[in-house]
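The values are calculated or read from the model by the stated rules, or taken from the named source; none is laboratory data. Just so it is clear, the structure is predicted and the values come from calculations on it, not from any experiment. All Cβ positions, glycine included, derive from the backbone under ideal geometry; neighbour counts span all protein chains shown.
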Amino acid sequence: MNTRSHTSHFTIGTLSRETGLPVDTLRYYEREGLLPAPRRRASGYREYDEEAVKRVRFILRAKALGFSLDEIADLLNFSSDPEHGVEGVKDRASARLAEIERQIAHLDAIRQRLTRLVAACPGSGSPACCPILADIRAEVPDAAPAAPSCCGSSAAGHTDTKGT
């Protein structure tokens, strides 16, 4: 909803309403150089224009793609570099994509491990033989728990028979 009057200059409160960001966040973006320092009215109030709205929306869309504020600053700089801007943008986006792929792989490994642990846990009995707790307590990081579950099988779901 457009809460501004038909003037091209408006206060930080109006910018906040237009973009959905708190005033403190807008001031932070200004301090960090993401949002250029606006002109000041005679009263000392910040005076923003439509370009500020566009820039804040750019920042919000870049954040939604997973870019950090430092990366967004780079993207903003590249957007005004006619010679190398697109190359820089693609490099940053490729790096962000690679990081997202690493995070997905890490989360997938966690999901698989937790799925195995949940499947191995009977959901009743003594906490001393819970495979989930045994895994969390493991002295060696990422080691498969050695403690048998409460139903007499190992946490991996294999019954221990005669040490074979």
Give me a count of the residues in the stretch 17-34 that are of a type outside the set (D, E, K, R) and not in a helix (DSSP H, G or I).
5
Assuming Ala37 fulfils every condition listed in (1) surrounded by 12 or more Cβ atoms within 10 Å (Cβ to Cβ); (2) assigned to a loop (DSSP other than H, G, I, E, B) apart from one, which condition is it?
(1)
In a helix (DSSP H, G or I), modelled with pLDDT under 95 and outside the structural domain of Lys63 (by the TED database), is that true of Ala134?
yes
Using the structure shown, decide if Gly44 is loosely packed, with under 12 Cβ neighbours inside 10 Å and part of a loop (DSSP other than H, G, I, E, B).
yes
Looking at (1) closer than 30 Å to Ala73 by Cα; (2) at pLDDT 95 or above; (3) not aromatic (Phe, Trp, Tyr), which is the only condition Glu87 fails?
(2)
Looking at Glu101, is it of a type in the set (Asp, Glu), in contact with a helix residue (DSSP H, G or I) (Cβ under 9 Å, 6 or more places away or on another chain) and assigned to a helix (DSSP H, G or I)?
no
So, in the stretch 26-76, how many residues would count as being modelled with pLDDT under 95, in contact with a Ser or Thr (Cβ under 8 Å, 6 or more places away or on another chain) and farther than 11 Å from Leu15 by Cβ?
1
